[in-house]
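No lab work stands behind these numbers, since they all come straight from the coordinates. Only a predicted model underlies this, so the values are computations on that prediction, with no experimental measurement involved. Reconstructed Cβ throughout: ideal geometry from the backbone, glycine too, with neighbour counts over all protein chains shown.
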Amino acid sequence: MDRWLARLMNAQSRWAKPFGDFNHRWLGALFRPIPQLRDFLNGRWLGHPLHAVLTDAPIGIMFLVVLFDLAGLPEAAATQAILLVGILTMLAAAVAGLADFSDTDGRARERATLHGTLMVIALVLYVVSYVLRQGESPAWTAAIGFSLAGFVVIAAGAYVGGDVVYVLGNMVSRHAFRGAGTKWIALEPAELDEAGDIPEGRPVKARLGINSLALVRQGDTVLAVHDSCAHAGGPLSEGSVEDGSIVCPWHGSRYRLADGRVVGGPSVYDQPAYEVRRADAGGWEARRRPG
């Protein structure tokens, strides 16, 4: 079934790619001037993607609406209140999702476009269901039909959203399974200056065993973080240094060089940081800093 569903989702790229690119442009223009709002909606303050937290609420709430409707209680005040709360939580989740969407690329953007479109359709169905339940002569049968259809669509949207996260790795830490070894390992900078030293004041890529690091020399001190951005894997060695932080060239995530702490989104995860020292035999060596 997963292969059939994957083909079905891939078939939507014909419209999802241009529609997603269009939405990406205006959302980027919206969030770029107000990074504090984007960071809040991404969940940097929480240390966890906010959208993933909020999406659990409307799915559970709308499932309650289905149960109440099938139990013959569509006219109950509790059902009306639950449906309204579900609609409001869907709106909250959508706003956080738009902030995440503004920093997606490639197939993840196409899938996220399909996910968002399905959720908007579900939201419209639920709003219609809510309206049909109001007034002196509510259309209960139609209202129940719209809420059931809405739950089918929201379930489909949740499946696509899961594909964005679990298959394509959007908003997943790129360093979730990276070990924190304590052994000093020879460091191999990709570039040296005329004096044979690491160039100062800008990122330089280096090899540390199987890992790639981004180095920044400040006088006699060499600061280092993992080269792959925790947010989407962007090369930090190709970024810039601003106020003691390294800035990802892809989406602008900022990490404090001293300890890898994330100080600016869209990343919500800290970056692995490394200690660097001169080796007794010459050159440099490094090891992962404790978490």
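Each Lys or Arg adds one and each Asp or Glu takes one away; over the other residues whose Cβ falls under 10 Å from the Cβ of ARG217, this sums to -3. Full extension of the chain between ALA78 and ALA180 yields a length gain of 31.6 nm, computed as 0.36 nm times the residue separation minus the alpha carbon distance.
Each residue, SER212 and ASP280, gets one label point 7 Å from its Cα in the Cβ direction; the gap between the two is 3.3 nm. Extension gain for ARG202-PHE22 works out to 61.4 nm (0.36 nm per residue, less the C-alpha to C-alpha distance). Of all DSSP bridge pairs formed entirely within the chain, close to 95 percent run antiparallel. Counting beta carbons within 10 Å around each of PHE151, PHE63, PHE177, PHE22 and listing the fewest first gives the order PHE177, PHE22, PHE63, PHE151.
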